[in-house]
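Comments concern the structure below.
The values are calculated or read from the model by the stated rules, or taken from the named source; none is laboratory data. Computed from a predicted model, the values in this text were never measured in an experiment. Note: ideal-geometry Cβ built from the backbone for every residue, glycine included; neighbour counts use all protein chains shown.
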Amino acid sequence: MNRKVLFINKAHPVLEQELTKLGFECELDEQSTNDQIESKIHNYFGIVIRSRIGVDRSLLDKAVNLSFVAREGVGTEHIDLEYAAQKGITVITSPEGSRDAVGEHALGMLLSLMANLAKSDRQIRNGQWLREENRAYEIKGKTVGILGYGNMGRAFAQRLKGFEADVIAYDKYLDNYGDEHAEAVSLEKLFERSDILSLHIPYMPPNHHFVDGAFIQNFKKDIFIVNTARGLVLETAALVDNMKSGKVLGAALDVLEYEEMSFEFLDLDSLPEPFQYLRNSDRVVLTPHIGGWSFESKKGHAEVLAEKIKARFTE
């Protein structure tokens, strides 16, 4: 009998095509709840997910025949990684699939913030033609500090190469990670030198509100902040406090700490005061968690997962 793979979210067709070529039998279920998935998970050799359901201990205990969880994307905060490892279940992610999209999006948000692109566009649509009020900051000559130098941080650094900026990076998980695009520095040097801080660290419990008020106050200069990582690595209330004081000159946020697990729904009017401040500030650029959301990355995630599954589970 073919090994069965359950798709919890619809992936790019290339993933099903490639898995079928490898002898897997693929099924799609975009409707079932967690409980319904649990009731049938014992039938599957692998599952492909984004973030619609949580892969917790309860599900993993029932997944007696499961060999892999393929995450179409990057974040694994909704997967119990430690328990999956104990059960011998391989968790596969595909950051390579969206790193270029995230790098471009982070750069686009930074340009929009520093050159007042979104702000001035709104003003013109409202009948205002304001030039001096929209004088820009240039990236050239600034020091861009990258917090987290994995796939996304490296892609962002690569795209900064033509801007004649000084690019530095700090990553507490890596050694010898400096390259032609960024100089590896200590956290202390990141605080000392940065004019711009771009966040590219994963979310996990030790990184909850990693960038809080005390962290921001450690910067020697007033800074711009870009977050295309995860909302919960940045404390929103602390960000707002530091914007009000002038320590943070502006923020570009693709992610928010208030997002639900699926990242698909957010009732903006119900969010607390710190978000309402951001929402109404001309010094903030907001996008709805779409940093890695390109047509190319959709296919890229599928291709990366297919290759990793092939390498791990076929001869």
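Only one of the numbered conditions (1) in contact with a Gly (Cβ under 6 Å, 6 or more places away or on another chain); (2) in a loop (DSSP other than H, G, I, E, B) is violated by V5, and that is (2). The criterion of at least 3 residues that are in contact (Cβ under 8 Å) with a residue 60 or more places away in the chain is met, among helices (runs of 4 or more DSSP H) falling completely within segment 230-315, by 295-313.
Is it true that V48 is in contact with a Cys (Cβ under 9 Å, 6 or more places away or on another chain) and not assigned by TED's automatic domain parsing to the domain that holds P205?
Against the criterion (in contact with a Cys (Cβ under 9 Å, 6 or more places away or on another chain) and not assigned by TED's automatic domain parsing to the domain that holds P205), V48 qualifies.
Only one of G54, G97, G46, G73 is modelled with pLDDT under 95, within 15 Å of A306 (Cβ to Cβ) and not hydroxyl-bearing (S, T, Y). Can you tell me which?
On the way: G54 fails: within 15 Å of A306 (Cβ to Cβ); G97 fails: modelled with pLDDT under 95; G46 fails: modelled with pLDDT under 95.
Exactly one of G54, G97, G46, G73 is modelled with pLDDT under 95, within 15 Å of A306 (Cβ to Cβ) and not hydroxyl-bearing (S, T, Y), namely G73.
Answer yes or no: is there a residue in segment 291-305 that is under 23 Å from H208 (Cβ atoms) and among the polar types (S, T, N, Q). Steps first, answer last, please.
So the first thing to find is which residues in segment 291-305 are under 23 Å from H208 (Cβ atoms), and the list is 291-292.
From the residues that got through so far, the ones that are among the polar types (S, T, N, Q) too are none.
No, segment 291-305 contains no residue that is under 23 Å from H208 (Cβ atoms) and among the polar types (S, T, N, Q).
When restricted to residues that are modelled with pLDDT of 95 or more and surrounded by fewer than 17 Cβ atoms within 10 Å (Cβ to Cβ), segment 4-20 contains 5.
Please determine, by comparing only the residues of segment 42-57 that are closer than 18 Å to A302 by Cβ and within 19 Å of the chain's Cα centre (by Cα), which one is surrounded by the most Cβ atoms within 10 Å (Cβ to Cβ). Among those that are closer than 18 Å to A302 by Cβ and within 19 Å of the chain's Cα centre (by Cα), it is V48.
Do we have G23 as crowded, with 16+ Cβ neighbours inside 10 Å, out of contact with any helix residue (DSSP H, G or I) (no Cβ under 6 Å at 6 or more places or on another chain) and small (G, A, S) here?
no
Taking segment 91-105 as the range and being under 14 Å from A229 (Cα atoms) and among the charged types (D, E, K, R) as the test, the residues that pass are R99, D100, E104.
Among residues of segment 240-290 being touching a strand residue (DSSP E or B) at 6+ places or on another chain (Cβ under 9 Å) and of a type in the set (S, T, N, Q), the one that is nearest to K119 (Cα to Cα) is S281.
Quick one: is R154 of a type in the set (K, R), over 23 Å from P288 (Cβ atoms) and buried (at least 16 other Cβ atoms within 10 Å of the Cβ)?
For R154, the condition - of a type in the set (K, R), over 23 Å from P288 (Cβ atoms) and buried (at least 16 other Cβ atoms within 10 Å of the Cβ) - is met.
L160 - would you say it is at pLDDT 95 or above and within 14 Å of A182 (Cα to Cα)? Yes: the conditions hold for L160. Cβ-Cβ contacts under 7 Å between residues 6 or more apart (or on different chains), taken from a first residue in segment 171-186 that is surrounded by 14 or more Cβ atoms within 10 Å (Cβ to Cβ) to a second residue that is among the hydroxyl-bearing types (S, T, Y) and part of a loop (DSSP other than H, G, I, E, B), are listed as D171/Y149; D171/Y177; L174/Y149; Y177/Y149; A182/Y149; A184/Y177. If the condition is being in contact with a Lys or Arg (Cβ under 9 Å, 6 or more places away or on another chain) and closer than 8 Å to I8 by Cβ, then segment 38-51 contributes V48, I49, R50. When segment 171-228 is examined, which residues are found to be under 17 Å from G246 (Cβ atoms) and either assigned to a loop (DSSP other than H, G, I, E, B) or of a type in the set (S, T, Y) (or both)? Correct list: S194, D195, N218, F219, K220, K221, D222.
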